[in-house]
């Protein structure tokens, strides 16, 4: 599976069934995309090993981001709507991991806030410097055992 056409972001790590990316949009610090390695469109078609591994990823990502950045809570979602627009790649099953913060966090001199904490309001996309992306990735990986 080639993921470049999907613009999921930079690979942080992978497991047998899933790849974890640091999302390009960091309007919520630590936002990730967790993509299934095989072609699939529907959650209902996941096998038990894929679900079991996803549960492990949920635990490890939430722990790492809470520990490193002090996230208050997390939103998880499977949103495939944009794949059904014209001129898009075929739908591919992936999860959005969106940490939420009650307070500001500074990483590599960049301040991250969550002015709509407790609400689901769209925010403009936020790109960060390459150095800050690397810092976020390395701080998440400090808490994750990668084989």
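Filter region 10-26 for residues that are within 23 Å of residue 51 (Cβ to Cβ) and under 9 Å from the mean Cα position of the chain (by Cα); which is surrounded by the fewest Cβ atoms within 10 Å (Cβ to Cβ)? If we take residues in region 10-26 being within 23 Å of residue 51 (Cβ to Cβ) and under 9 Å from the mean Cα position of the chain (by Cα), then 23 is surrounded by the fewest Cβ atoms within 10 Å (Cβ to Cβ). The criterion of being surrounded by 11 or more Cβ atoms within 10 Å (Cβ to Cβ), in a loop (DSSP other than H, G, I, E, B) and under 18 Å from the mean Cα position of the chain (by Cα) does not hold for residue 99. Here residue 74 meets the list (1) over 16 Å from residue 24 (Cα atoms); (2) in a helix (DSSP H, G or I); (3) touching a helix residue (DSSP H, G or I) at 6+ places or on another chain (Cβ under 7 Å) almost entirely, failing just condition (2).
Out of all the residues in region 40-53, is one or more exposed (fewer than 13 other Cβ atoms within 10 Å of the Cβ), assigned to a loop (DSSP other than H, G, I, E, B) and touching a strand residue (DSSP E or B) at 6+ places or on another chain (Cβ under 9 Å)? No, that holds for no residue.
No value in this document is a laboratory result; all are computed from the given coordinates. Since the structure is predicted, the reported quantities are computational estimates derived from the model, not experimental observations. Ideal geometry is used to build each Cβ from the backbone, glycine not excepted, and the neighbour counts take in all protein chains shown.
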